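The values are calculated or read from the model by the stated rules, or taken from the named source; none is laboratory data. Please read these numbers as outputs of a predicted model, since none were measured by experiment. Heads up, the Cβs are rebuilt from the backbone with ideal geometry, glycines too, and the neighbour counts pull from every protein chain shown.
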Amino acid sequence: MAIPFAAESWKVVNLVPPVSLAGGKAAQYVSLANYAHVDLVLMTGAVTSAASTGITFERALDTSGTSNQTVTAPTQAYYYHNGAALSSASIANDTYVKTTLTGGTFNLEAIANTTYIIPIDADDISRSLSSVQKNFNTVGIVIDSSGGATIGAVLAILSQPRYSGASPPSAV
């Protein structure tokens, strides 16, 4: 059995390109209409004021943020790696720490070069909603940074596509 290429199995969306997070970043959304799962990967550089940089999740009807709502708990956990750069002495440190997410928001760790992975299933987006509201299929990430300059980026890696093929369906 041939193993499919990542580009045929996943959809990678650059939600927030590497940029200063000072002052925060408005919600950037990705649609799970054609996918069962997304991993939001947040990467940071030097964190100057971790306690004042909060990460919040939203759900919406579309990628424009229509009828957006804060998601209380999109997932039970998130993972972070206190990522020493590969050129450092701890090159073998590729272990992620599983941490419980409470209230749909968390603050960045005061550690430079950290990577966070937030796994979200499509079912998690509308789990707490009534059957009338189950059409929420879009998830967004909001970066609220009132602290100092922190460089960061966010990738959305969508998997388990509804339709397989050489080019997975759009998610934006």
Strands (runs of 3 or more DSSP E) contained entirely in region 61-172, each with at least 3 residues that are modelled with pLDDT of 70 or more and touching a Pro at 6+ places or on another chain (Cβ under 8 Å): 151-161
Conditions (1) within 18 Å of Ala156 (Cα to Cα); (2) surrounded by fewer than 19 Cβ atoms within 10 Å (Cβ to Cβ); (3) aliphatic (A, V, I, L, M); number of the one not met by Val30: (2)
Check on Asp39, acidic (Asp, Glu), modelled with pLDDT of 75 or more and part of a loop (DSSP other than H, G, I, E, B): no
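Provide a single number: the residues in region 32-46 that are over 28 Å from Thr150 (Cβ atoms) and not aliphatic (A, V, I, L, M). First the steps, then the outcome.
Start the filter on region 32-46 by keeping residues that are over 28 Å from Thr150 (Cβ atoms), which leaves 33-36.
Among the residues that remain, those that are also not aliphatic (A, V, I, L, M) are: 34-35.
Adding up the residues that qualify gives 2.
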